[in-house]
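The values are calculated or read from the model by the stated rules, or taken from the named source; none is laboratory data. This structure is a prediction, so every number in the text was calculated from the model and none was measured. Positions of Cβ are generated from backbone atoms using ideal geometry, with glycine treated the same way; all protein chains shown enter the neighbour counts. To get the accessible areas, we keep the full protein, side chains included, count just its heavy atoms, and leave off ligands, DNA and RNA. Shrake-Rupley method; radii C 1.70, N 1.55, O 1.52, S 1.80 Å.
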Amino acid sequence: MLTPSFDTEQNDEFVIITIKCPYIKISDVEFFILGTEFKFHCNPYFLRLNLPGEVIEDDRAKASYDVNTGNVVVHLPKKNPKEHFHGLGLLTKLLSGKATVSSDTAKRSCDPTNPNCKPLVEVLDSSDGPCARDNGAVEEEEFDWTIEQKLPEDQATSLLGTVHYGFANQYCGVLAKLQQEIPSIVDVPSDRLVPQERRIARITHEESSFSADHYIADYMEDEQIHLVMKFQPEWVNQLKQWIEQTNSVSTKLVDNSSIHHL
């Protein structure tokens with residue numbers, strides 16, 4: 001099973017979990033909400049979270065699936081409104097730990113076999129295809145909710161401090177590798193600097209490496225510099241000729257227009 005990428009947030013009433021799981025069948029979605037434990041399963045995705053506080057499944061609980069983004073957004077009502085769940089952003093911690101549940105919460109838990117228990121998932125944009133509802137009932141084996149899970153590699157590395165860079169942030173670890181193979185080719189070789197820190201490190205390196213003598217030498221031996229300053233590429237003359245021809249044609253058009261008017 002795959003552990004999907006997910007994100008968490010909260011307000012006074014709800015814990016909001018956004019789960020990235022594109023191309024799923026809504027009829028296969030399963031939820032389990034009890035105490036501090038939240039479980040989500042839809043083949044091939046599985047997510048089990050142990051929250052910092054208790055949530056309940058009542059009439060306020062809801063979930064929606066956006067076909068365009070492939071996101072399932074789940075609203076879990078807090079057992080104690082306005083309670084702040086500390087550590088809700090520590091995703092790796094949510095994946096581990098032991099869930100707890102109080103007796104009254106267990107009594108209020110919605111039994112999936114209960115016909116009065118309303119569906120939790122609402123489709124925001126339905127269409128024909130893998131995301132459409134399947135009306136055919138297919139008997140399946142009971143799912144094992146205790147399987148091991150881990151964050152997707154891209155999300156896990158970002159939480160562990162690995163910084164991506166380059167086009168569309170697709171690369172990581174390249175600077176350290178270059179530094180090992182070709183020493184001194186990279187001025188700021190650290191792979192653990194975020195863009196703001198990398199900019200500060202670059203400016204600091206430039207200021208510490210600045211040599212006034214280097215630029216003074218350019219004034220002492222400036223023959224090559226004068227040659228470069230006087231050089232004009234061929235396209236400059238071509239551009240001047242094109243501008244002169246364009247102005248000439250424009251002038252003739254204006255003169256002909258004036259004569260025709262008279």
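Within the set 39/79; 25/78; 25/79, which residue pairs have Cα atoms separated by over 25 Å? The answer is 25/78; 25/79. Amide H to amide H distances under 5 Å link residue 35 with 55, where only residues 5 or more positions off or on other chains count and H is placed in the peptide plane. With the simple model of a label 7 Å out from the Cα in the direction of the Cβ, residue 237 to residue 190 spans 5.4 nm. With all protein chains in place and ligands, DNA and RNA left out, the 1.4 Å accessible area ranks 17, 185, 225 as 185, 225, 17, largest first.
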